[in-house]
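Reviewing the structure listed below.
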């Protein structure tokens, strides 16, 4: 599986998250997505449409990050998976897709996890 395929997998998981519960990663400018630009990973900011570089100093959130630390940890897991091809869920804090603190229903969390399993992310 190449990097572009891994980006597609992560974006499918992001779409699933955005379609459920509190609709994280969904905003005025649609659903966030990760993409390559000049060999670097970027993410579309769903609240203002800007492009945020995921290559940040010391792993800090990018300027203008619209979500909290839990979703930044998940995004860093996604970034690690895209870059290495290795499963990294939860390695960057907060439990990744198994985090119990999102405020999503148990059925929504299970559906997100099942989607991630079907895409071979989990």
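The values are calculated or read from the model by the stated rules, or taken from the named source; none is laboratory data. Keep in mind the model is a prediction, meaning the values are calculated, not measured. Glycine gets a Cβ as well: all are built from the backbone with ideal geometry, and neighbour counts include every protein chain shown.
Here are the numbers for the structure shown:
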| quantity | calculated |
| --- | --- |
| Condition met for residue 115 (outside any loop (DSSP other than H, G, I, E, B), free of Cβ contacts under 8 Å to residues at least 24 places away in the same chain, on the phi < 0 side of the Ramachandran plot and more than 12 Å from the chain's Cα centre (by Cα)) | no |
| Filtered residues of the stretch 1-28 (kept if over 22 Å from residue 85 (Cα atoms) and touching a strand residue (DSSP E or B) at 6+ places or on another chain (Cβ under 7 Å)) | 18, 25 |
| Number of the condition not met by residue 117 [criteria: (1) surrounded by fewer than 16 Cβ atoms within 10 Å (Cβ to Cβ); (2) farther than 27 Å from residue 36 by Cβ; (3) at pLDDT 95 or above] | (2) |
| Scan of the stretch 16-39 for residues that are more than 11 Å from the chain's Cα centre (by Cα) and in contact (Cβ under 8 Å) with a residue 24 or more places away in the chain, ordered by number | 20, 21, 22, 27, 35, 36 |
| Qualifying residue in the stretch 41-53 (condition: under 27 Å from residue 109 (Cβ atoms) and over 16 Å from the mean Cα position of the chain (by Cα)) | no |
